[in-house]
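Comments concern the structure below.
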Amino acid sequence: MKFILARKGRMTQVFEEDGRVNAGTVLTVGQNIVTQVKSATTDGYGAVQIGYEVQKLARVNKPQATKAFKVLKEFRTDTPEAFTVGSELTIDTFAEGETIQVAGTSKGKGFQGVVKRHGFKGGRRSHGQKHSEREAGSIGGGPGRAGGRVTLGMKMAGRMGGDRVTVTNLRVLRVDPANSQIIVSGAVPGATGGVVEIVSSPRSNSGEAGKS
């Protein structure tokens with residue numbers, strides 16, 4: 001299993017040799033340093049902790065002074081012995097055409113109604129309805145439904161966005177070690193400049209030796 005952290009950049013187009021064009025997202029890979037290695041014998045599971053982008057010591061709490069990174073992320077792996085503390089992960093491990101998945105935090109959209117949040121159709125402006133085009137409508141509450149209470153999980157207005165989103169079956173279009181950039185097919189979650197996690201797809205590594 002291969003993994004690395006990067007920051008989301010602009011979208012672009014990548015042309016294939018046969019003339020086909022693919023929409024892609026540019027991901028800039030910063031410094032990824034292995035800060036901790038966990039094994040099944042000592043920690044109960046195998047994992048690798050990655051520190052991303054060095055942080056100023058003045059901005060870090062004293063207990064974290066030895067891990068002065070802006071982001072700390074842990075990845076589960078069946079082969080933690082393949083990593084050593086202090087080593088750096090580079091984009092050279094990823095190849096063009098490889099299938100990956102990208103996870104990040106979606107854009108926050110604040111408090112939204114049911115039409116935008118859940119895709120409700122809304123009411124018609126007819127039969128005396130004046131301001132009900134985007135209303136939620138009935139939420140139950142009668143004695144025949146949940147005892148007069150609102151059913152748990154009812155789709156209603158509320159905070160939208162800011163969730164962890166994983167997009168699978170993306171393809172590596174280009175790998176540019178000189179600029180530390182990876183171009184992946186399609187769009188990835190999050191705002192421009194946000195940190196995303198790039199993980200190799202289990203299906204693409206099923207035939208590789210030593211990969212989980």
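Just so it is clear, none of the values below were taken in a lab; they were calculated from the coordinates. These numbers were taken from a predicted model, which means no experiment stands behind them. Here the Cβ positions follow ideal geometry from the backbone for every residue, glycine too, while neighbour counts run over all protein chains shown.
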If one builds a Gaussian network model of the chain from Cα atoms under 10 Å apart, the most fluctuating residue listed among Leu89, Leu152, Leu170 is Leu152
The chain: calculated mean residue ellipticity at 222 nm from DSSP helix runs of at least 4, using -39500 (n - 2.57): -500 deg cm²/dmol
Set the Förster distance to 22 Å, then compute FRET efficiency between Ala178 and Glu53 from the Cβ-Cβ distance, nearest 0.05. 0.70
Semi-axis lengths (Å, descending) of the ellipsoid that matches the C-alpha gyration tensor of the chain: 41, 24, 18
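Subtract the Cα-Cα distance of Thr151 and Ala23 from 0.36 nm times their separation in residues, and report this length gain in nm to one decimal.
Length gained between Thr151 and Ala23: 41.9 nm.
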Listed residues Thr42, Thr168, Thr84, most fluctuating in the chain (Gaussian network, C-alpha, under 10 Å): Thr42
Starting from the Cα-Cα distance between Ser132 and Glu74, subtract it from 0.36 nm times their residue separation and give me the gain in nm to one decimal. 16.2 nm
Top of Val21, Val29, Val199 by mean-square fluctuation, Gaussian network on the chain, Cα under 10 Å: Val21
